[in-house]
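Visitor: Sending over a structure as structure tokens; questions will come in a sec.
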Amino acid sequence: MGHLTYLLINIFTILFPLALSFDKKVNFFSNIRHVIFGTGLGGLIFIPWDMAFTAMNIWSFNPNYNLGIYLGNMPLEEYLFFLTVPYACLFIYECLRGYIKRDFLRGIHFIITPFTILILALLVINNFEKTYTAVASAFLILLLFIQLIKLRQYMSWFYISYLVCLIPFFIVNGILTSMPVIVYNDAANLGLRLGTIPVDDFIYNAGLLLIVTIGYEWSKRKFKPKPAEIKEPTATEISLNQ
């Protein structure tokens, strides 16, 4: 695949979710403006983050596996990553809500969230000098804390969808880190890997998917269609129906 590798990974990431977006039960494409908002919010935060980490040599991109088209210090494919991955994961999120009627984690997520915050806080305290670990953990703590005090009920579905998204995540990130398309500086992370994937990536991706989901759900609430106004019958229509 050579220089097309990273581009093809992006294409295959979004190919099936995009093709199935017109499924009648979920009708995911009807939410496209909310998807754009959520994805845009994620990109607004994570693209500058990625550029900063690239400049700090926390990670780098192997030129053998991208097209060589750079915007700033990152290849074009890295920008596409912030379109394809959020779209695919929001598609999974909505499919789960459409096809699974029972909310298995309803209420339980109020236990999961504080426990997760505690674990992440310990990671930050004990690894403050490891930039990737500390920043990714601190950002996810902030998002989870906001969701906790806002009592967001959709967090139960977020946790379920995140677990399902781990399946394609292992495939995509496994390829990215094994070739490697992306090279990590282990001095800036925990130095622990599942296969070839840095453990820190799971925290980073959780933060990305959560901010995208927050934007997506906010847009759905903000721009929720108003109920059609009930038209009062005219005197003529009343008389005709009598």
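A short reminder: the numbers here are calculations on the coordinates, not readings from a lab. If you're wondering where the values come from, they're calculated on a predicted model, not measured in any experiment. When we count neighbours, we look across all protein chains shown, and the Cβ atoms used for this are built from the backbone with ideal geometry, even at glycine.
Visitor: Longest span of the chain, sites excluded, free of GluC sites (Glu not before Pro) in DSSP loop with at most 15 other C-beta atoms within 10 Å?
Guide: On the way: sites that count: E129, E229.
Answer - 1-128.
Visitor: Right, something else. Going through the cross-link list K150/K222; K25/K224; K25/K150, which pairs have a Cα-Cα distance over 23 Å in this structure? Mind dumping the intermediate values first?
Guide: On the way: K150/K222 16 Å; K25/K224 19 Å; K25/K150 29 Å.
Checking Cα-Cα distances, K25/K150 exceed 23 Å.
Visitor: Considering the values [x] 132; [y] 120; [z] 164, which represents volume of the Cα convex hull per residue in Å³ as calculated for the structure under consideration?
Guide: [z]
Visitor: Relative to the present Cα-Cα distance, how much length would full extension add between R106 and Q153 at 0.36 nm per residue of separation?
Guide: Extra length from R106 to Q153 when fully extended: 16.2 nm.
Visitor: Using a/c under 1.5 as the rounded threshold, could you call region 3-49 rounded, prolate or oblate? The axes a ≥ b ≥ c are square roots of the C-alpha gyration tensor eigenvalues, and prolate needs a/b larger than b/c, oblate otherwise.
Guide: Numbers: a/c = 4.42, a/b = 1.19, b/c = 3.70.
Oblate is the answer for region 3-49, as a/c is 1.5 or above yet b/c matches or exceeds a/b.
Visitor: So what's the angle, to the nearest 10 degrees on a 0 to 90 scale, between helix 76-99 and the longest Cα principal axis of the chain?
Guide: The two axes meet at around 40 degrees.
Visitor: For the chain, what does the helix formula give at 222 nm: sum of -39500 (n - 2.57) over DSSP H segments with n ≥ 4, over the residue count, nearest 500 deg cm²/dmol?
Guide: -22000 deg cm²/dmol
Visitor: Only four residue types carry charge here, +1 at the Cβ of Lys and Arg and -1 at the Cβ of Asp and Glu. Report the dipole size of region 1-99 about the Cα centre in Debye, rounded to the nearest 20.
Guide: Details: 4 positive and 5 negative charges, 72 e Å.
That gives region 1-99 a dipole magnitude of about 340 debye.
Visitor: Highest first, please rank the peptides 197-208, 154-165, 2-13 by the mean number of other Cβ atoms sitting within 10 Å of their residues.
Guide: 197-208, 154-165, 2-13
Visitor: Right, another one. Which value, in Å to one decimal place, does the Kirkwood hydrodynamic radius take for region 36-165 when every pair of different Cα atoms is included?
Guide: 16.8
Visitor: Just to confirm a number: summing +1 for Lys and Arg and -1 for Asp and Glu over residues other than K130 whose beta-carbon lies under 12 angstrom from that of K130, what do you get?
Guide: Taking every other residue near K130 into account, the sum is -3.
Visitor: Right, next: Of N66, N127, N31, which is farthest towards the positive pole of the chain's charge dipole, taken about the Cα centre with +1 and -1 on the beta-carbons of Lys, Arg and Asp, Glu respectively?
Guide: Checked the options; the winner is N31.
Visitor: Cβ under 15 Å from N27's Cβ, N27 left aside: what net charge do those residues give with Lys, Arg +1 and Asp, Glu -1?
Guide: With Lys, Arg at +1 and Asp, Glu at -1, the net is +3.
Visitor: Quick check: net charge around G43, other residues with Cβ under 13 Å of its Cβ, Lys/Arg +1 and Asp/Glu -1?
Guide: -2
Visitor: Given an 8 Å cut-off on Cα distances and at least 6 residues of separation, report the relative contact order of the chain as a percent.
Guide: 29
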